[in-house]
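Working notes, structure below.
Bear in mind these aren't lab numbers, they're just calculated from the coordinates by the rules spelled out. Nothing here was measured: the structure is a model prediction, and the numbers come from that model. Note: ideal-geometry Cβ built from the backbone for every residue, glycine included; neighbour counts use all protein chains shown.
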Amino acid sequence: MSNKDKADILQGTLDLMILQTVSTLGPLHGYAIAARVEQVSNGAIQLNMGTLYPGLLRLEQRGFIRAQWDRTENNRRARYYTITAAGRGQLEAEKTEWTRMAAIMQALLQGETR
Amino acid sequence: MISRLREWGHRLWGTFRSGDGGIDEELRFHLEMAEQDAQRRGESAREARLRAGGTAQAAEAVRDQGSVGWLADFFRDTRHGIRLLGRSPFFTAFAIASLALGIGANTAIFSLMDAVMLRMMPVHEPGRLVQFVKSRGDITYDISCPLFHQLREELRGFDGVFAHAPMGRREVIFGDEPEAVNAELVSGSYYSVLGVPAVAGRVFDEKTDRNPSPVAVISHAFWKRRFGMDPGVVGRTFRLNRTVFTIIGVTPPEFYGVIAGAAPEITFPLTMDGEVRGGESWFPYNSRSWLSMMGRLGREQHLENARAEVDGIFSRIVQDEWRLAAGAGTREREGILSQRMRLEPAGNGLNVMRKRFSEPLRLLMGMVALVLLIACANLANLLLGRAATRRREIAVRLAMGAGGGRVIRQMLAEGLLLAAAGGVLGVLLACWAANALVTMMSNGGERLALNIQPDLRVLAFTAAVSVAACLLFSLAPAMQAARQRIQPALAEARGVERWSLGRVFIAGQVAISVLLLIGAGLFGRTLLHLHSMETGFESDGVTLFSVNADWSGLQGHELRNRVLEGLQPMPGVTAASFAMWPISHRGWEASVRVEGYTHAPDERDMAHHSFVAADYFKTMRTPVILGREFGERDTETSPKVAVVNETFMRRYFDGRSPLGKWVNVAGEPDRMEIVGVVKDIRSRSLRGEVPPTLFTPVAQREDPPAGTYILRGKVNAAIIATALQRIDAKLRIVDPRTLDEHLSRSILSERMLGTLAGFFGALALLLVCAGVYGVMAFQVARRLKEIGIRMALGARPVQVTGMVLAETALPVAAGIGAGIAGALALTHLAEKILFGVKPTDPATFAGACILLATLALIAAYLPSRMAARVNPVETLRCE
């Protein structure tokens, strides 16, 4: 699967991934988010910076996450992202929508293979 | 949804904010972490960096998300443009100044056109207002009071009609001090039909017509000027003639009356006409036409239907009049039948000025548009030059991947900056210029009450003109810049195209300015002809004035005799007289019968009839060719006499002496004996033939008309005023002016056109010279090396100079040719305004071309000298 195809898959799901990650793991910097997504997907999804950071900024602009400069354990300056109340609401709504959509797709695809 | 709005809010905010919130640091951190992780996993750092992607691209993507792309581009272009323009202050100043002049001139003329021709009256639904125009043949007349009343009673298709009559300056007295105000008589329906309410007190209504009472409504401007907007003004009283009037209300500030340019300060009920005039009421007279009439069409009524209705009613009225005039001559009765009543849309007010100024204003509008075109061509040329010097910069940008559209937008942004600055300055300039023009149009007389505050229409016009100008002058250079091929530009193009865009612009500019110069020349010669024509009198050293005698006991013949007797012995005065309309072709047209002459049935029998006092011709220095002029012996009781002009003598007596013959004027009981012949008097406002004219002594009239006093000699208004006081302490001087001033009012539009056309012509010339100089200097600068080589190969300085001049001569000659062709096609538009010169006057054409060619070559000579002084060794060493 080429990089471009991966990006296509990511369309629309990037927000969900970021929100879910930040929601479960608490304040995270951008690299940690990318690493977590890569780890969970067993390396199938590798978020490059050109995708991740505009996405983070967009979520921040929409008020779903908050960003703050802070120190890492190694005392390096990094930007940490935290989910907001609005972000949690959005996450719940998108999760429901995703599950519903996935179920529909599942049913459709099984129907076809039969 | 709300979250989307928030996002766009942030992006918009981010567009204007500088700084990126530390994205570079964040990305650096990301890469470091990725490399550390990779090392921990045993992979290479390079692979980690590849996976994370490029920092620059990521930063760009974040910036895009952080702002509104095209807007950010626009601001970036604008900032870049400001920097670039700041780097060449001379170019910037020249560009803005010439744009400000061009746009300012356009805005000024347009705001005058707007005020004179376009602006609707600030009344309720002005589109439904119509004016009633009575005519007989091609002459229009006012309407008599009985006719107004009859029409008002019978018309059905109207929501109302009203009549009004401007009364000019009247002296009113609040307390003790008299002051002159603009007065107007209006019928009770005036305000209600116009839909103009009172801002204080009340305005007249239909009841005002039924119970005549001495009341008055004042204008907002007068309220402000005279009473400082004191709310207690309602109920205040003032005297006019022998009547005490009470102010009952104030009109809104935006209402200037229905006659553009003559805003009434106090309006009186029509029923008070006698009191305001200080004489008898003209109400009952069918024969006195003194009212203007307007009406408001019914809501569903079409103008055509209303016309049909008015036609029907009016033709019946005319038939009645025709039957009643059974005793009159056939010609008179035919005249009655030829009367018509027209309806004309009057939404922008009755505009005496429209008739007078719309033609000149239209011509001026054309001229200023041409001036702006020249300014644009100039800027386009200069920008082309700049673009050429920036070829490397632009080529680098294109090579870096900037699209052609991006380069065009960038250059347009620069043009827009210039146009905006020019537009703003232009509006300021226009405010001042429009004011000056109104002063010029008022011509020393009372200032025309024109509303020239720039309104939305004017500002929209200016904005449109500025944007159009920007497109005109920056599109061509921008397109050329974007079209350029990267390779040759980087290698520095050589070779000069014979017909570069720059030279095409020069040819265009020259063509336009030839057109403008020819126009200026034609108008200038018209003015000269008007000033130098044989007038039949000497205007130098003559003072005119009127006298207000309302507060003295003097009137009529006694007043005139006392004033003339009192003024004649004054030191410095060599002659004094009086006339109803001095040196004017206003006056009465009268049907005449002359001893020994029978008019053919279809021959025009009208002569001009003018009333003058003793010594009129002596005072005007009009030569008396035969007989004598009027003197002391011509009185009310002496035999009635007349003096005729040369044209009259030629027409009715075949050039033989008319002395002793009689003449009779229709409507006058007595025959008059012709006692003298004078030279034709021709006022400058008269373009055609001098009409046959008959003068009769004002002393022999039963009802002496008001008129103007004429003094020849060294006197001024103050001296005259003192002399009047000696005659009667209550006499006051009104409107003193020299005869020259008086006459210049009559050629106002010609003077305005002549002066402004001259000014615009000069401006065009200046711009063209600047343009030619700029382009040639730039060409020379670019070709220094080529010129150096030529000289190294043996070309002499003279040859180099000749080469540069020849290169200028070509576009200039082409431009002159095009300009002449344009002028031949266009100058006939001004034919009506020209006098004594044909629209295709060869001398004017030649003069304009020679002037332009000479100045253009001088402008090109300076750069050619520069070229001739090129030192071949130095220029070649430069590279």
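Taking only DSSP H segments of four or more residues, each worth -39500 (n - 2.57), what value at 222 nm results for the protein assembly as shown once the sum is divided by all its residues, to the nearest 500 deg cm²/dmol?
The per-residue figure over the protein assembly as shown is -18000 deg cm²/dmol.
Give me the Debye-computed log₁₀ of I(q)/I(0) at q = 0.05, 0.10 Å⁻¹ for the protein assembly as shown, equal point scatterers on Cα only, no solvent, two decimals.
Computed log10 I(q)/I(0) values: -0.55, -1.23.
Give me a comma-separated list of calculated 3J(HN,Hα) values for the stretch B:650-660, in order, Karplus coefficients 6.51, -1.76, 1.60 applied at θ = phi - 60°, integers in Hz, x for any Gly or Pro.
5, 5, 9, 10, 6, x, 7, 4, x, 4, x
Could you give me the ³J(HN,Hα) list for the stretch B:467-476, computed from phi with Karplus coefficients 6.51, -1.76, 1.60 and θ = phi - 60°, whole Hz, x at Gly and Pro?
Working through the residues one at a time gives 5, 4, 4, 4, 4, 4, 8, 10, 5, 4 Hz.
Over the alpha carbons of the stretch B:45-94, what is the largest minus smallest coordinate on each principal axis, giving the biggest first in Å?
The Cα atoms of the stretch B:45-94 stretch 58, 23, 9 Å along the principal axes, largest first.
How much length would be gained if the chain were fully extended between residue B:97 and residue B:311, taking 0.36 nm per residue of separation minus their Cα-Cα distance, in nm to one decimal?
My answer for the length gained is 71.4 nm.
Which ³J(HN,Hα) values, rounded to whole Hz and listed in residue order, are derived for the stretch B:500-514 from phi using the Karplus coefficients 6.51, -1.76 and 1.60 in 6.51 cos²θ - 1.76 cosθ + 1.60 with θ = phi - 60°, glycine and proline given as x?
Result, rounded to whole Hz: 5, 3, x, 6, 4, 4, 4, 4, x, 4, 4, 4, 5, 6, 4.
Give me the distance between the Cα centres of the stretch B:364-397 and the stretch B:211-231, rounded to whole Å.
After rounding, the separation between the Cα centres reads 55 Å.
Please report the antiparallel percentage of DSSP beta bridges with both residues in chain B, rounded to the nearest 5.
80
With contacts defined as alpha carbon pairs under 8 Å and 6 or more residues apart, what's the relative contact order of chain B in percent?
That works out to 14 percent.
For B:612, B:123, which order do you get if you count the other beta carbons within 10 Å of each Cβ and list the fewest first?
B:123, B:612
With the Cα gyration tensor of the stretch B:135-194 giving a ≥ b ≥ c as the square roots of its eigenvalues, does the rule (a/c under 1.5 for rounded; else a/b larger than b/c for prolate; else oblate) give rounded, prolate or oblate?
oblate
Indicate the gyration tensor shape class of the stretch B:503-653 (rounded, prolate or oblate), computed on the Cα atoms with a ≥ b ≥ c the square roots of the eigenvalues: a/c under 1.5 is rounded; otherwise a/b larger than b/c is prolate and the rest oblate.
Oblate, since a/c reaches 1.5 and b/c is not below a/b.
Mind sorting B:441, A:105 by how few other Cβ atoms lie within 10 Å of their own Cβ, fewest first?
Ascending Cβ contact count within 10 Å gives the list A:105, B:441.
Amide H to amide H, which residues 5 or more places from residue B:298 or on other chains are under 5 Å from it, using H placed in the peptide plane?
Counting only residues 5 or more places away or on other chains, the set is B:158, B:159.
Please compute the contact order of chain A in relative form: average sequence separation of alpha-carbon pairs under 8 Å and at least six residues apart, divided by the residue count, as a percent.
The value is 26 percent.
Quick one: which residues, 5 or more positions from residue B:134 or on another chain, have an amide H under 5 Å from its amide H? H modelled 1.01 Å from N in the peptide plane, none for Pro or chain starts.
B:141, B:342
Restricting to lysines 8 or more places apart or on different chains, can you count the pairs in chain B with Cα atoms under 22 Å from each other?
So the count works out to 8.
Restricting everything to alpha-carbon atoms, can you work out Rg to Rh for the stretch B:558-636 with a Kirkwood hydrodynamic radius?
1.07
Mind listing the long-range amide H neighbours of residue B:68? Cut-off is under 5 Å, sequence gap 5 or more, other chains count too, H placed in the peptide plane at 1.01 Å from N.
Those qualifying (amide H under 5 Å, at least 5 residues apart or on another chain) are B:15.
With a 10 Å Cβ neighbour count serving as the proxy for reagent exposure, in which order, fewest first, do B:638, B:111 appear?
In increasing order of surrounding Cβ atoms, one gets B:638, B:111.
Report relative contact order for the stretch B:609-731 in percent, whole number only (criteria: Cα-Cα under 8 Å, sequence separation at least 6).
Answer for the stretch B:609-731 is 33 percent.
Compute the signed sum of charges (Lys and Arg +1, Asp and Glu -1) over the other residues within less than 9 Å, Cβ to Cβ, of residue B:132.
+1
Rounded, prolate or oblate: which one fits the stretch B:225-310, using the alpha carbon gyration tensor with axes a ≥ b ≥ c (rounded when a/c is under 1.5, else prolate when a/b beats b/c, else oblate)?
oblate
Determine the percent antiparallel among the DSSP beta bridges restricted to the stretch B:211-273, to the nearest 5.
60
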